[in-house]
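Structure first, then comments.
The values are calculated or read from the model by the stated rules, or taken from the named source; none is laboratory data. Everything numeric here is computed off the predicted structure, so don't read it as measured data. Counting neighbours? That spans all protein chains shown, and the Cβs are built from the backbone with ideal geometry, glycine included. Accessible surface areas use protein heavy atoms only, side chains included; no ligands, DNA or RNA. Shrake-Rupley method; radii C 1.70, N 1.55, O 1.52, S 1.80 Å.
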Amino acid sequence: MHEENKAAANGCGKIRSGAQNGAALLALMEKTGYSMVQQNGQRKFGGPPPGWEGPPPPRGCEVFVGKIPRDMYEDELVPVFERSGKIYELRLMMEFSGKFIGVCVSLDNCRLFIGAIPKDKKKEEILNEMKKVTEGVVDVIVYLNATDKSKNRGFAFVEYESHRAAAMARRRLIPGTFQPWGHTIQVDWADPEKVVDEETMQRVKVLYVRNLMMSTTEDKIKAEFNKFKPGVVERVKKLRDYAFVHFFHREDAVAAMSVMNGKCIDGASIEVTLAKPVNKESSWKQHFNGQISPSSENLLGFPNKEDGTQKSLGKPASLSVRLNGQHSPGPPEVERSTYPIFPGIKLTPISKYSLKLSHFSSAVMHLDYFCHKNSWAPPEYCLYSTTSQDGKILLVYKVLISSIANDSQSYFMPEKLCTTVEDAKELAAQFTLLHL
């Protein structure tokens with residue numbers, strides 16, 4: 001980036017050419033008698049200064065200064081630092097390459113995540129409460145408990161008519177300023193729903209069915225969806241309290257969606273939508289940034305490659321995995337870069353619980369963090385094993401969340417076995433997060 005652009009970008013209103021920079025630095029060296037050497041990506045001023053006798057200053061005499069404006073150089077920095085005392089050496093980190101701008105799609109997010117909602121509240125109650133205190137509410141998306149349909153899962157998604165309305169609502173709902181039903185709620189942006197192009201969606205012939213009873217079988221689902229037109233369902237894949245219904249023809253899938261949405265199966269009112277095709281570049285494996293091994297990739301029986309579809313799992317940017325629906329896909333990326341430790345950098349002891357969730361990339365750490373933030377006891381992992389037909393030892397963990405022992409879901413165990421302890425523990429943590 002040119003110096004003029006750097007100055008303008010920093011809002012300093014100061015425009016200085018390369019020649020002017022050189023002249024200013026030469027004047028500084030003539031005035032102070034210090035030398036200036038450029039090496040290893042930095043420019044060293046002094047070290048030692050003129051007339052210095054004896055060894056260099058001992059440890060503890062150097063400070064690190066960050067966030068220096070990119071258009072500020074030694075001729076301006078030296079007078080500032082000299083106010084504190086004589087400078088032995090100043091090393092200015094330089095960037096010699098051009099600047100690259102980052103470009104991404106702007107997200108017009110209209111959806112908020114609301115957590116810590118009393119589990120006995122119905123959709124209508126939550127909707128009415130949100131309308132009382134915020135404007136522009138369009139809908140509330142509530143997920144019911146997998147085993148007790150009279151309870152919600154403790155969270156909801158509130159859809160607003162515009163991004164501005166959602167932003168204003170988020171400010172209004174900041175914890176501490178508003179306590180519906182006497183509870184302090186959690187508020188955050190929901191990750192925007194994955195957008196699939198219309199041409200691709202026109203080819204989908206798989207339905208995503210949620211809010212099923214745990215006891216409802218695949219055969220029962222197939223029979224119910226075949227009622228409106230016998231023989232149209234190719235197969236059903238049920239995963240806990242949701243399922244994917246595959247049709248032979250798209251027109252039958254669309255017709256079934258219209259007929260079956262809102263119908264009752266085994267006493268549960270189901271919701272039916274078109275399933276979104278799998279993006280080959282993203283999978284549940286990417287949700288944890290490559291931390292899942294191949295043995296646990298097909299987590300909880302998620303559709304594998306031949307299924308052609310996958311539901312999106314939702315998580316707001318600052319909270320753990322919340323749901324197994326398709327209303328809030330894709331957690332944010334966890335930054336995995338490393339940075340050099342410069343001399344003088346102060347390292348401070350810190351608790352992992354004071355960090356944000358985005359600092360963790362494994363499900364085990366997510367679950368531990370989630371339990372701590374909810375004032376629960378740490379999760380307990382119980383290891384079980386069995387032997388496969390070829391003699392391999394296969395492992396699975398059962399997770400106990402003792403703080404919700406009164407709930408029928410105090411134990412969580414995936415229906416998948418792994419070949420390593422690490423994979424089994426990661427899989428169990430993912431399963432638990434998914435169903436809390």
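Things worth noting here:
- Pairs linking a residue in region 376-392 that is in contact (Cβ under 8 Å) with a residue 40 or more places away in the chain and open to solvent by less than 50 Å² (accessible area, probe 1.4 Å) to a residue that is part of a loop (DSSP other than H, G, I, E, B) and of a type in the set (A, V, I, L, M), with Cβ atoms under 9 Å and 6 or more positions apart or on different chains, are P379/I401.
- Residues that are over 13 Å from E89 (Cβ atoms) and surrounded by 11 or more Cβ atoms within 10 Å (Cβ to Cβ) within region 37-63 comprise just one, Q38.
- Of all residues in region 144-177 being of a type in the set (A, V, I, L, M, F, W, C) and surrounded by fewer than 17 Cβ atoms within 10 Å (Cβ to Cβ), the one that is modelled with the lowest pLDDT: I174
- Scope region 107-117; condition part of a loop (DSSP other than H, G, I, E, B) and either within 14 Å of R164 (Cα to Cα) or at pLDDT 90 or above (or both); matching residues: L107, D108, N109, C110
- Residue within region 376-392 that is touching a helix residue (DSSP H, G or I) at 6+ places or on another chain (Cβ under 9 Å), over 24 Å from L417 (Cα atoms) and hydroxyl-bearing (S, T, Y) present: no
One line per residue, one yes/no per condition, for (1) more than 30 Å from V421 (Cβ to Cβ); (2) open to solvent by less than 50 Å² (accessible area, probe 1.4 Å); (3) at pLDDT 90 or above:
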| residue | (1), (2), (3) |
| --- | --- |
| H249 | yes, no, yes |
| A256 | yes, yes, yes |
| C264 | yes, no, yes |
| K285 | no, no, no |
| P303 | no, yes, no |
| K315 | no, yes, no |
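- Counted residues, region 192-244 - those being touching a residue at least 24 places away in the same chain (Cβ under 8 Å), surrounded by 13 or more Cβ atoms within 10 Å (Cβ to Cβ) and polar (S, T, N, Q): 2
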